[in-house]
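All remarks here apply to the structure that follows.
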Amino acid sequence: MNFFFLLKPALKSLDSEIDIVNASPSPIFSLSKSKKLILHYFYSNGSEWIFNDICSLGVNETITIKSRDLNLDLNNHSVFFSLNKKKQNKAISLKDEDYHMSKIAWRANIKIKSKNSYTSYQGEYPGGMIDKNLTLVSCSPMIQNHSTIKNFFYLVNLNSSPEIKEFNLEILNSDKKVISNFKCYTNKINLIDLNNLKINFNSEMYIFTSKNGGGIPIYFSIDNSERMSLEHTHPPTEYVLHGNRFLFQRLKKSFWKS
Amino acid sequence: MKIYIKKLYYFLRNFLKIKPLIYNFPINKYASVSDAFYFRNDYIKTIFFLSNIASHTNPKIKQNDFVKIYIFSNKGEFLKILNFTLKPFETKKILFAELNLKANYGSFYVFHNFHQNELLIKNNSFVTERGYVGFSENSIFWNFVHGNHNSAYLSKNNKIKSLMTKSIFINEYFPQLTFNDCDKFDLIFTNSENKKINYRIQTYDLENNIINDSNFKLNSFNTIKASFTNNHKKIKFVKIFSKMYFPRPVIFKYYSKYFDVLHG
């Protein structure tokens, strides 16, 4: 199954939304059929997963959830969503239920809203990632170097265990020189204000890497007029089509992590 | 011979809808694969970040990457080929407004080639360009979207060959987002096939009633921008129907100020 998440707004003037669609994007490539399920939001308190049910989402139904719809401060809680067969309350581990089985991922539209516009991308947190020991290599050209532009980095991490553990993340340039490092946490939607790092981002590519943690890397930029951009980077497997794609992921990760 | 039998096997599977593939296999084992990227040169400009892809697939081998970019107009007319040699780990910006293209929009394909590619061949893998395109109204702030498809490969004799799969039956694609937050939106489709493709686009309101039902024909290497006004924000969903198995569009959503771009 896929989990979804609500991004914490990077600035006070922004809001966060998500469209969750309980339908297959492509019936021919999907083993799962749309079913009436219970939509929950959930977060970790460090020792347990706390679930709250939002509604029952019927076959092919959609819901748009705004951050203000949840009685939670996104600065203190990283909020994820799941569609479950049974109502959930508390759990000591997350279950990867057999839903969303598809060659073409069932995704949600993950959005940031400003007064006059939106920026979004089609995203999900694959259930297959929650029991893995993750690492990260994200090569991004999406950091914009201009005095009117602010850049932020999200790293979304979700594990089956609710434990909140710290891990280290480094930013490298293409010469493998570490130009900054910071802490991230498991089961959090980590938000890093890149403007606070006092780096002159004047290169075309930066590598965000971690040896002991990972997740979905997302890059958000906003200018003084509230133009916005939101996009994730591809996992290393996406530079290769067919064959042994994970071999090339291992080669890339071992290079940048060494 | 073996590779042609394999191609026929996959063709029949796709054609008859028996465990179809999302993308075909290139015939040439040295082939380089690319998305059919969208560019526009109207009030919104385009930037592409071209990276040495050999440094992404096997960074320990430091080698140059020889790149060809083929650019087509929206009407499928071949406009230009650009050649680049990228040093290891090099990334270059390509600004489409500086290319003097005789089209306001269209598609481009990016094919990489490097000498030490034995590991890819040994593992039946193909290098693929699905990189990052930015769009901007002021050429300062860029709104990014990554590649949408593994659309085509470059044959030995430098012909662009489609990898998109199709069937004799109509398939449905349902972009998993809502449209009732915007005033106008475009769905962008490109055609890497050497044949015409038909698309049917249905728009739906909140109660799942059909609002529009439109048909589009897309000739070879054409790009189509299907534009929908949504003044009263009645359109909530769209569905796309085609013989193509994975007719996923690039989407532009327009708001009172600015725009959003994403792949559907």
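The values are calculated or read from the model by the stated rules, or taken from the named source; none is laboratory data. Since this is a predicted model, take the numbers as computed values, not measurements. All Cβ positions, even for glycine, are placed from backbone atoms using ideal geometry, and neighbour counts span all protein chains on display. When the accessible area is computed, the model is the full protein with side chains, heavy atoms only, and any ligands, DNA or RNA have been set aside. Shrake-Rupley method; radii C 1.70, N 1.55, O 1.52, S 1.80 Å.
Brief remarks follow.
- Proximal charge balance of A:P141 [Cβ under 14 Å; K/R count +1, D/E count -1]: -1
- Anisotropy class of chain B from Cα gyration tensor, a/c 1.5 cut: oblate
- Cα-based Rg / Dmax (Å) for the stretch A:70-216: 17.0, 50
- Distance histogram for chain A (every C-alpha pair counted, 10 angstrom bins, percent rounded to whole numbers): 7, 29, 36, 23, 5, 0
- Ordering B:E129, A:E48 by accessible surface, largest first, gives A:E48, B:E129; the 1.4 Å probe counts only protein heavy atoms, with every chain in place.
- Extension reserve of the B:K195-B:K102 stretch, reckoned as 0.36 nm per residue once the Cα distance is removed: 31.1 nm
- For the residues of A:166-176, the average number of beta carbons from a partner chain within 10 Å of their own beta carbon is 1.
- Considering the protein assembly as shown, its Cα convex hull presents a mean projected area of 22.4 nm².
- Those residues of the stretch B:108-130 for which accessible area with every protein chain present is at least 50 Å² below the isolated value (1.4 Å probe): B:N123, B:R130
- With Cα atoms, 0 to 90° folded angle of helix B:2-15 axis to chain B main axis: 10
- Calculated on the Cα set of the stretch B:134-233, radius of gyration then Dmax: 16.5, 52 Å.
- For the segment A:22-28, counting C-beta atoms of other chains within 10 Å of every residue's C-beta and taking the mean gives 6.
- Classification of the stretch B:1-89 by its C-alpha gyration tensor yields an oblate form. The axis ratio a/c (a ≥ b ≥ c) is 1.5 or more, and b/c is at least a/b.
- FRET E, pair A:N202, A:D98, Förster distance 60 Å, beta-carbon r, rounded to 0.05: 0.80
- Listed residues B:I53, B:N74, B:P88: farthest to the positive end of the dipole of the stretch B:35-88 (Cβ charges): B:P88
- Cα gyration tensor shape for the stretch A:8-50, rounded if a/c is under 1.5, else prolate or oblate: oblate
- Calculated FRET value between B:N208 and A:N181, using beta carbons and R₀ = 60 Å, to 0.05: 0.75
- Unsatisfied cross-links (Cα-Cα over 30 Å) in the set B:K234/B:K257; A:K36/A:K90; A:K85/A:K111: none
- Estimated distance in nm for a label pair at B:K184 and A:T135, the labels positioned 7 Å out from Cα along Cα-to-Cβ: 4.9
- The HN-Hα couplings worked out from phi for the stretch A:200-212 by the Karplus form 6.51 cos²θ - 1.76 cosθ + 1.60 (θ = phi - 60°) are 8, 7, 9, 9, 7, 9, 10, 10, 9, 9, 9, 8, 10 Hz, whole numbers, x standing for Gly and Pro.
- Total formal charge among the other residues, if their Cβ is under 14 angstrom from that of A:K87, Lys/Arg +1 and Asp/Glu -1: +3
- Eigen-decomposition of the gyration tensor built on the alpha-carbon atoms of the stretch B:25-162 gives equivalent ellipsoid semi-axes of 26, 17, 12 angstrom, largest listed first.
- Per-bin percent of Cα-Cα distances, the stretch B:157-215 [5 Å]: 4, 10, 22, 23, 14, 12, 9, 4, 2, 1, 0
- A 1.4 Å probe run over the stretch B:167-263, with the rest of the protein chains in place, finds 40 Å² accessible per residue.
- Compared with the dominant principal axis of the Cα atoms in chain A, helix A:245-257 is inclined by about 50°.
- Estimated from the Cβ-Cβ distance and a Förster radius of 25 angstrom, the FRET efficiency linking B:N219 and B:N124 is about 0.15.
- Solvent-accessible surface of the stretch B:25-162, averaged per residue with a 1.4 angstrom probe and all protein chains in place: 39 square angstrom.
- Chain A, accessible area per residue, ligands and nucleic acids excluded (1.4 Å, Å²): 40
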